[in-house]
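Below: the structure, in structure tokens.
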Amino acid sequence: MTINGTPRTLEQRRHDVRDRLERERDVWVATADADGLPCLVALWFVWEGEALWLATRPANPTGRNLRHGRRARLAFGDTEDVVLVDGDVETFGAADVPEAAADAFRTKTGWDPRTDRAVYAYFRVRPRAVQAWRGVPELPGRHLMRDGVWAS
């Protein structure tokens, strides 16, 4: 990976993003409250083919913002290998989260929020836009998804 090298093809960028969604466990989650006060936290996640699943307490700032704002920006990587995902959010309680998503979350993270003593909610983030770039040469082609459709 070089910052100033030849830009990756669109196909390679899509492959690299999907690989990271499968492989990585942590994601930065940016939300805002009704007054626009930002909140940024790192959370564990699992990718289930079309959406990312997060879990956090529904009463904390991130949980409230995800529930009420119903939008989030997720970020991976550092400034030399950026992936940004803008998505629409749906909230699920422990009793109504799809079993496959909750099981995948437990398998990947080693933690099952459904069995925790504290109350947790699951949040499904469906990507609406995805950007990825490695340095200035890749900025012109950074938009890999728009309006929920992967670029081709």
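The values are calculated or read from the model by the stated rules, or taken from the named source; none is laboratory data. The structure presented is a predicted model; accordingly, all values stated were derived computationally and were not measured. Virtual Cβ from ideal backbone geometry, glycine too; neighbours counted across all protein chains shown. These area figures cover heavy atoms from the full protein model, side chains too; ligands, DNA and RNA do not enter into them. Shrake-Rupley method; radii C 1.70, N 1.55, O 1.52, S 1.80 Å.
Brief remarks on what is shown
- Whichever residue in the stretch 52-70 is open to solvent by 60 Å² or more (accessible area, probe 1.4 Å) and out of contact with any strand residue (DSSP E or B) (no Cβ under 6 Å at 6 or more places or on another chain) and, among such residues, is nearest to residue 42 (Cα to Cα): 57
- Residues satisfying the stated conditions in the stretch 72-101, i.e. open to solvent by less than 60 Å² (accessible area, probe 1.4 Å), modelled with pLDDT of 95 or more and over 26 Å from residue 150 (Cβ atoms): 93
- When the stretch 126-139 is filtered for residues that are open to solvent by less than 40 Å² (accessible area, probe 1.4 Å) and either among the hydroxyl-bearing types (Ser, Thr, Tyr) or touching a strand residue (DSSP E or B) at 6+ places or on another chain (Cβ under 8 Å) (or both), the ones remaining, listed by number, are 127, 129, 130, 131, 132, 138.
- Near pairs, Cβ below 7 angstrom, 6+ apart or cross-chain, from the stretch 49-71 (closer than 14 Å to residue 92 by Cα and without any contact (Cβ under 8 Å) to a residue 24 or more places away in the chain) to any residue that is charged (D, E, K, R) and outside any loop (DSSP other than H, G, I, E, B): 70/88
- Restricting attention to the stretch 107-135, the residues being part of a helix (DSSP H, G or I) and more than 21 Å from residue 66 (Cα to Cα) number 3.
- Tabulated pairs, the stretch 22-47, first assigned to a loop (DSSP other than H, G, I, E, B), second surrounded by 11 or more Cβ atoms within 10 Å (Cβ to Cβ), C-beta under 6 angstrom, 6+ apart or interchain: 25/44; 33/65
- Within the stretch 19-51, the set of residues being among the basic types (Lys, Arg) and surrounded by 15 or more Cβ atoms within 10 Å (Cβ to Cβ) comprises just one member, 20.
- Residue identified as in contact with a helix residue (DSSP H, G or I) (Cβ under 8 Å, 6 or more places away or on another chain) and part of a strand (DSSP E or B) among 89, 85: 89
- In this structure, residue 142 does satisfy being out of contact with any Asp or Glu (no Cβ under 9 Å at 6 or more places or on another chain), within 30 Å of residue 5 (Cβ to Cβ), basic (Lys, Arg) and open to solvent by 30 Å² or more (accessible area, probe 1.4 Å).
- Beta carbons closer than 7 Å, at least 6 apart along the sequence or on distinct chains, pair a first residue in the stretch 74-95 that is in contact (Cβ under 8 Å) with a residue 24 or more places away in the chain with a second that is surrounded by 14 or more Cβ atoms within 10 Å (Cβ to Cβ) and assigned to a loop (DSSP other than H, G, I, E, B) for 76/24; 80/134; 80/135; 81/134; 83/77; 88/70; 89/70; 94/120.
- Unique residue being under 18 Å from residue 134 (Cβ atoms) and either in a helix (DSSP H, G or I) or of a type in the set (S, T, N, Q) (or both) when the list is 13, 8: 13
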